[in-house]
Structures are given as C-alpha cells and as structure tokens.
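We did not get these values from a lab; they are worked out from the coordinates using the rules stated. Quantities reported herein were computed from a predicted structural model and do not represent experimental measurements. When we count neighbours, we look across all protein chains shown, and the Cβ atoms used for this are built from the backbone with ideal geometry, even at glycine.
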Amino acid sequence: MPQRFTVRPFQLRDLPRILQIEVASFGADAYDRNLFAEYARISPRLFLVAAPSSGKPRRVCGYSISLVLPKGDRAELVSLALDPAFLGSGAADSLMRSTLRRFRLRRVSRLTLTVKISNLRALRFYQKYGFRKLRRAPAYYEDGADGILMSLAL
Ligand SMILES: CC(C)(COP(=O)(O)OP(=O)(O)OC[C@H]1O[C@@H](n2cnc3c(N)ncnc32)[C@H](O)[C@@H]1OP(=O)(O)O)[C@@H](O)C(=O)NCCC(=O)NCCS
C-alpha cells in the first residue's frame, strides 16, 4: 500500500529537521536558519511540512514554502524539498496538492517558481502538475547556473 503523509504548517521546533533536509537536498545552495525563520514569519500558513501519517519514525520528511505576492492573485513557490530517503515516496505530491488547494481557496490564479536548469527531476515533477516553462533566467543561482521560470494557471 502506498505510504500516506500528513501535511501541516511549519512550527519552530521543526527547524533543525528542515535544516537537515535542506543541506541534504541543496548542499552549498542551502537556505540558512535565518531565512527559514523569516519565511515562517512572513508566510506562516504557506510554509508546510510533511510527515508519514503512520509507522515509525513519523518525523518530518519534507517541506514546501510559498508566498502570496502583493497583488494578491499571484503566488510564488519558493522552495520544496524532501529528505533524499523519501524521493519518489509521494510526500512531494502531498505537499504540492495541499499547497495548490490552499491557493485555490484563496483565489490565487497563477503560481510561479524558478528551478535550476540541471534539476531534471524537479522539472519533471512540476510538469506533472501542469507547470509550463516560461523563460530562462540567466545566472539566477549563486553558482552562475541558469534557472527556468515556470508558471501554473490555477
Ligand atoms: C523536487 C522533489 C521535491 C520532487 O519529489 P520526488 O519525490 O522526487 O518527485 P516524484 O518522484 O513524484 O516525481 C519526479 C519525476 O521525475 C522523474 N525522475 C526521477 N529521477 C529523475 C531523473 N534523474 N531525471 C529526470 N526525471 C527523473 C520521476 O520518474 C518522476 O516522474 P514521473 O512521475 O513522470 O515518473 C524532490 O525530487 C526533491 O526534494 N529534490 C531535491 C530538492 C529540489 O531539487 N527541490 C526543487 C527545487 S526547485
């Protein structure tokens, strides 16, 4: 039977676990503690974590952060990552479905994100949800890599 995941808003006590997941996922590009605390402050209802619904351990295995932009009908998916042991588990789907549901309830009409051009797995994941490639964002990342701006109409 496929594993099930519970999605809930981030709490400050999740921070050490989120930092572990972040470093395992992004290495040198990892966000730091202060940035996560800042996202928790400015977007508390859209900083979400996922954990297995049953079995042990039930600790957090992934997170997503999104923001509603000032115009109100647009939003940005800032980051999404899983503990590498949970890749392909469905945890990212639970986070994405919960994020999209929250945006539809708030009548957000468009969600954008930027993904590293070399991150084929994430690109594929977003395309599965209907995100379309809009354009290249040259040297978007600190290491000089290009990003791809993607967009989803809700
Ligand atoms: C992005 C992420 C959250 C997606 O979660 P996931 O569990 O890997 O997603 P899924 O396995 O459901 O989907 C990934 C898709 O890529 C495919 N895939 C797997 N490995 C791949 C690879 N090396 N190259 C291309 N596609 C790949 C999978 O088959 C799947 O496609 P399918 O559903 O059509 O078969 C996860 O990969 C992750 O945490 N990556 C590290 C952090 C990251 O890069 N975050 C995104 C920042 S923008």
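Data overview
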read-out: Within segment 1-150: Cβ-based charge dipole about Cα centre, in debye rounded to nearest 20 (Lys, Arg +1; Asp, Glu -1); value: 880 debye
read-out: Pair Leu69, Arg135: separation of 7 Å Cα→Cβ label points (nm); value: 1.2 nm
read-out: Anchor Lys116: lysines whose Cα lies under 25 Å away (excluding residues fewer than 8 positions away in-chain); value: Lys128, Lys133
read-out: Farthest positive-ward along segment 1-85 dipole, Cα basis, beta-carbon charges - from Gln20, Ser54, Ala40; value: Ser54
read-out: Estimated dipole of segment 48-90 in Debye, rounded to 20 [Cβ of Lys and Arg +1, of Asp and Glu -1, Cα centre]; value: 180 debye
read-out: Charge dipole of the chain about the Cα centre (unit charges at C-beta), most positive-ward option of Gly88, Pro2, Ser118; value: Pro2
read-out: Within the chain, helix-based [θ] at 222 nm, where runs of 4 or more DSSP H residues each add -39,500 (n - 2.57), nearest 500; value: -9000 deg cm²/dmol
read-out: Set of aspartates and glutamates with alpha-carbon distance to Lys56 below 19 Å, sequence-local pairs under 8 removed; value: Asp14, Asp83
